[in-house]
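To keep things clear, I will list the structure first and then write my remarks on it.
The values are calculated or read from the model by the stated rules, or taken from the named source; none is laboratory data. Remember, predicted model here, so these are calculated numbers, not experimental data. Cβ atoms come from the backbone with ideal geometry, glycine included; neighbour counts cover every protein chain shown. Note: accessible area is taken over every heavy atom of the protein model, side chains too, but ligands, DNA and RNA are not part of it. Shrake-Rupley method; radii C 1.70, N 1.55, O 1.52, S 1.80 Å.
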Amino acid sequence: MAPRKSLEVQVEQLRNKMYEAYKNNESYDRIIKISQELDRLLNRLETPRESK
């Protein structure tokens, strides 16, 4: 799987994980931790590649 596609899949999985944590009334700290991890992945997706 291409690196970008792999990141997109990871982002979608983490979004689902965060939503499930919210639905299951997990702790605020747990949801924030998932959200921060999601932010890191999204930032990696949005960072333009450097030209070689």
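Positive-end ranking of Asn24, Gln36, Ser6 along the dipole of the chain, with charges on Cβ about the Cα centre, is headed by Ser6. Computing Kirkwood radius over Cα pairs in Å for the structure here picks out one of [x] 11.9; [y] 14.2; [z] 11.7, namely [x]. Given their separation in residues at 0.36 nm each and the Cα-Cα distance between them, Glu8 and Arg44 gain 11.9 nm when the chain is fully extended. For the chain, the share of accessible area belonging to carbon and sulfur comes to 48 percent (1.4 Å probe, ligands and nucleic acids excluded).
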